[in-house]
Amino acid sequence: MIFGLSVVFVLTSILTVAGALAAALLKNLVHCALSLTVTFAGLALLYLQLDAQFAGFSQILVYIGAVAILVVFAILLTRGSGIPEYRSYSSSWLAGVAIAAGVFALLAWAVVTSLPASPASAAPQVSVQQIGQALMSGYVLPLEIVAVLLTVALIGAVIVAMPEASKGDAK
Amino acid sequence: MSQSSPFWTNFDQVFVLLRHWIESFFPLWLQPAVGTVLGVVAIVAAFPGIFALTTVLERKGLGRMQNRLGPNRVGPLGILQPVADGIKSLTKEDIVPLTADAAVHFLAPVVLVIAVFLGFAVLPIGRNMVLANLDAGLLFFFAIGASTELSVFMAGWSSRNKYSLLGAMRAVAQMISYEVPLLLSSVVAVMIAGSLSTVKIVEAQSGFTGIFPHWYVFTPWGFAGFALFVVAALAETNRSPFDLPEGESELVAGYFTEYSGFKFALFFLGEYLGMFSIAGFAITLFLGGWGAPLSILGFVPSWAWFFAKLFCAIAFFIWLRGTLPRLRQDQLMNFAWKFMLPMSLLNLLVAGAWRFLGEGWSRWVFGSAVLLLAYGLLGRVLMRHQHLGARSYRYAD
Amino acid sequence: MTPLAAFLIVAALVFAIGLAISLTRRNAILVLIGIELMLNAANLNLIAFWRFGPHPEALTGMMFAIFSIAVAAAEAAVGLGLAIAYHRSKKTTDLDAMTRMKG
Amino acid sequence: MLGEGILKGLGETAKNFAGSFVSKERLTTVQYPEERVAPIENTRDFPFLVYDGDDKLAGLRCVACQICEKECPPKCIYIVKSTDKKPDFVGKPQIYPARFDIDISVCMSCQICVEVCPFEAIKMDTEFELSTTDRFGGLLFDRDHLAKSNEHYHRIHPTEAAEVDARLAEEKAKVEAKAKAAAEAAAAKAAATPVAKPAPVKESGA
């Protein structure tokens with residue numbers, strides 16, 4: 001118990017923040033994508049610490065299983081894996097970092113001042129059955145909407161990324 | 001020979017009692033930790049042991065299928081062959097190509113083996129012999145299974161070699177397109193069992209009518225789900241007809257071309273352990289996990305049934321490897337998206353109908369009719385351009 | 001037990017890093033990575049508040065997080081599709097070059 | 001029906017698998033060092049020199065004409081001619097190789113030396129277990145190591161050896177006939193002109 005935080009939490013948060021920083025600073029794009037995966041894994045562990053088992057596993061399944069591979073494929077398809085031909089940081093990088101630091105300071109100040117040290121309530125026994133019931137009863141409309149959205153996104157992404165020729169507009 | 005006689009239950013629970021006995025030596029607050037450590041040690045010892053045995057059985061089995069003896073030089077009947085292979089792979093020089101990306105090159109096999117070992121955590125090997133009885137155990141297994149693709153990609157990309165990159169691309173494309181049918185065909189068992197926890201699924205299949213068990217594989221949707229699950233599992237672990245990524249003939253050794261020595265052995269171990277864990281899950285979902293096949297055989301310990309079924313599954317994988325030629329990439333993709341996906345979606349429909357048609361033979365007829373009809377139609381779609389008539393030459397006479 | 005504030009600080013940190021990535025990097029794919037990080041930070045906040053909130057059995061926070069994971073995956077797919085399509089026509093993914101909307 | 005072919009294939013391999021335990025003769029494995037497969041008639045590995053009779057040097061057929069050395073594609077034959085002569089199988093004095101080396105690590109068993117040799121002196125052996133630890137000296141065979149008897153040749157290539165012997169015997173007969181004819185002519189000439197000193201009868205072939 002290092003100053004009020006559990007050891008596991010400190011380790012996972014260090015892992016997550018280190019992954020995120022590596023994604024920001026590394027030159028080689030594929031290394032950025034792999035450090036992104038480390039961040040996703042760290043976040044999944046944080047979810048598990050918050051007893052959100054279903055969210056943690058679906059995070060691993062969706063993000064590490066699919067999105068990370070998608071990002072890496074996109075990098076390879078846009079020939080990003082070699083030496084970047086243009087400088088990897090934009091000219092106004094200082095302003096960007098300043099804005100980000102400002103946002104973080106604002107959030108941190110809000111968190112520290114407003115929150116009373118709330119007692120940790122008992123770990124809710126969330127079973128997958130309850131989630132299923134909730135999905136089917138209280139959240140059935142959002143479920144259908146997300147289903148439609150996913151299909152639309154699926155078809156949209158394919159059409160957007162389809163090679164030029166089949167679109168038929170003579171260049 | 002009723003199941004409840006103390007001797008048989010003790011024999012069935014021998015490992016659990018062993019664990020409690022060892023735990024009793026430790027202080028109370030340390031006991032759960034010791035329990036899990038013992039479980040992990042058991043898994044890390046048992047499954048690589050089965051891996052060593054399988055390499056010999058595979059080579060001998062394939063030999064026998066091709067009318068030749070398998071390896072019989074090292075030790076009696078070639079049993080010590082894995083020891084020889086192990087020492088060979090440990091002593092072989094571990095060459096890393098100069099232009100390879102050293103960090104990612106080293107991490108790839110490590111990530112693969114860690115992910116595969118994690119997959120064993122939720123596999124119920126025997127009655128209350130599961131390392132982590134998670135409520136969403138099946139989801140955990142598929143989440144971990146999904147991360148093996150990443151390690152395959154890391155291996156292929158980091159070796160900076162065209163063959164391995166091609167192999168990696170093929171492997172990832174294959175694993176992603178077969179993950180969808182794999183998940184959907186397992187959802188069927190979850191729907192009927194009503195829970196994602198692997199232990200509950202096995203318990204849901206543990207009843208007997210007369211002497212026949214209530215395994216899911218004996219229902220129309222269960223058999224279809226089992227068949228789809230096994231075919232998708234074959235593709236997921238790059239084995240037998242789907243071993244396109246490391247197709248020796250065209251792509252040298254696929255994504256682990258640039259690996260040698262111990263790292264190659266790790267990949268080899270990872271692939272085989274992936275095969276065991278996915279076969280274990282096929283057994284858990286459809287073949288009644290550690291349940292006995294006949295009620296009169298109830299006295300045999302539960303873990304013995306699990307490992308017996310696992311060896312039957314391994315024999316089936318080897319049998320397939322000895323028989324089926326490798327698929328082309330387009331056949332592979334067509335089969336996944338045009339046959340497996342519609343069949344597994346239909347299977348969901350049949351399982352739903354099965355649950356709400358209630359007892360009686362009507363659901364049997366409906367289920368099997370729908371599935372057989374779909375199998376015939378979809379099969380004809382795939383077999384349509386198979387009519388390879390007599391070969392006609394343009395210029396030859 | 002770790003208090004709620006600790007989780008929120010970590011989430012804010014990841015959000016800030018995601019924002020920094022999208023603002024400073026020039027490659028379109030990396031901006032998408034930044035956005036992914038920001039979305040994940042928001043998810044972490046959702047689940048932290050659900051866990052420490054008064055009625056955890058109401059499952060609201062967790063359901064939000066699950067739906068947001070699904071939506072973020074769809075968004076990532078479309079975003080990367082756009083990046084690939086842009087790369088195919090203009091042979092670059094450099095954000096500074098993406099100044100004209102035509103074509 | 002989709003899957004018919006797969007089932008037929010599985011049946012086939014199952015039959016093989018089961019059959020291999022039932023009937024042993026299905027298995028084609030030959031346990032190499034213990035069991036041996038009889039070498040086929042025209043197996044060829046590395047060349048060897050043939051000699052008649054039992055003395056390696058006296059019966060050596062090779063006359064060091066160096067045609068094989070010139071014809072050998074990888075140039076693995078090295079011949080040094082002898083200064084003196086020795087009688088060959090018909091008794092005619094011929095040069096013999098003082099030194100005849102073949103480097104079998106270079107030799108590619110193409111059998112061109114056998115085809116070009118006019119004296120049937122070099123043939124292809126069927127012996128293949130020649131691995132040695134000494135890579136340089138061990139694989140360079142000198143004349144004595146290469147020379148093997150005609151009986152050995154008969155044992156490894158019976159039909160071919162028989163033809164060669166027939167041809168040599170016929171050649172020898174022709175030479176002897178010529179020699180005999182020459183001897184009779186000389187005798188007749190001697191008889192026809194009984195000059196003072198009877199010419200000594202020329203000594204016929206050995």
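Bear in mind that the values in this text are calculations on the coordinates, not laboratory data. The structure presented is a predicted model; accordingly, all values stated were derived computationally and were not measured. Here the Cβ positions follow ideal geometry from the backbone for every residue, glycine too, while neighbour counts run over all protein chains shown.
Couple of notes before you dig in:
- Among D:LYS180, D:LYS123, a tally of other beta-carbon atoms within 10 Å of each Cβ gives an order, fewest to most, of D:LYS180, D:LYS123.
- Each Lys and Arg adds +1 at its Cβ and each Asp and Glu adds -1 at its Cβ; summed about the Cα centre, the protein assembly as shown shows a dipole of about 1300 debye.
- Distances between placed amide hydrogens fall under 5 Å for D:LYS148 paired with D:LEU49, D:VAL50, D:TYR51, all partners being 5 or more residues away or on another chain.
- Most mobile of B:ALA351, B:ALA84, B:ALA279 in a GNM of chain B (Cα contacts under 10 Å): B:ALA84
- Calculated FRET value between A:VAL148 and B:HIS214, using beta carbons and R₀ = 45 Å, to 0.05: 0.75
- For D:ALA98, the amide hydrogen comes within under 5 Å of the amide hydrogens of D:VAL80, D:LYS81, D:SER82, counting only partners 5 or more places away or on other chains and with H modelled in the peptide plane.
- Counting only residues at least eight positions apart within a chain, or on another chain, the lysines with an alpha carbon under 16 Å from that of D:LYS148 are D:LYS56, D:LYS123.
- Counted residue by residue at 0.36 nm each, then reduced by the alpha carbon distance between them, the extension gain from B:GLN31 to B:SER392 reaches 122.5 nm.
- Global geometry of segment C:3-97, whether rounded, prolate or oblate, following the gyration tensor of its Cα atoms and the 1.5 cut on a/c: oblate
- Relative to the longest principal axis of the Cα atoms of chain C, helix C:28-52 runs at roughly 10 degrees.
- Phi-derived couplings, Karplus 6.51 cos²θ - 1.76 cosθ + 1.60 at θ = phi - 60°, listed residue by residue for segment B:228-237: 4, 4, 5, 5, 5, 5, 4, 5, 5, 9 Hz, with x used for Gly and Pro.
- Near the amide H of D:LEU60, within less than 5 Å, lie the amide hydrogens of D:ASP52, all on another chain or at least 5 residues away, with H placed in the peptide plane.
- Cα gyration tensor shape for chain B, rounded if a/c is under 1.5, else prolate or oblate: oblate
- Distance from segment B:300-335 to segment B:172-194 (C-alpha centre basis), Å: 17
- Helix-only CD estimate at 222 nm, as mean residue ellipticity for the protein assembly as shown, using -39500 (n - 2.57) per DSSP H run (n ≥ 4): -19500 deg cm²/dmol
- Low-density loop cleavage sites - chymotrypsin sites (Phe, Trp or Tyr not before Pro) in segment B:144-237, where at most 16 other Cβ are within 10 Å (DSSP): none
- Here the relative contact order of chain B, from alpha carbon pairs under 8 Å that lie six or more residues apart, stands at 21 percent.
- Options C:GLY61, C:VAL10, C:LEU23, ranked by Cα towards positive dipole end of chain C, top entry (Cβ charges): C:LEU23
- Cα shape, the protein assembly as shown, gyration tensor, a/c 1.5 rule: prolate
- With the simple model of a label 7 Å out from the Cα in the direction of the Cβ, D:LEU2 to D:GLU41 spans 5.5 nm.
- Helix D:158-192 and the longest principal axis of the Cα set of chain D meet at an angle near 10°.
- Straight-line reach from D:LYS15: taking Cα to Cα under 27 Å and skipping same-chain neighbours fewer than 8 places apart, the lysines in range are B:LYS60, B:LYS309, D:LYS24.
- Förster radius 60 Å - calculated FRET efficiency between D:ASP165 and C:LEU95, Cβ distance, rounded to 0.05: 0.10
- Rounded to 10°, Cα long-axis angle of helix D:4-22 versus longest principal axis of chain D: 60
- Relative to one another, the C-alpha centroids of segment A:6-84 and segment C:35-103 are positioned 13 Å apart.
- Legend: mean number of C-beta atoms from other chains within 10 angstrom of residue C-beta atoms, peptide B:190-199, equals 2.
- Lys, Arg +1 and Asp, Glu -1 on Cβ, resulting dipole of chain B about Cα centre, debye, nearest 20: 920
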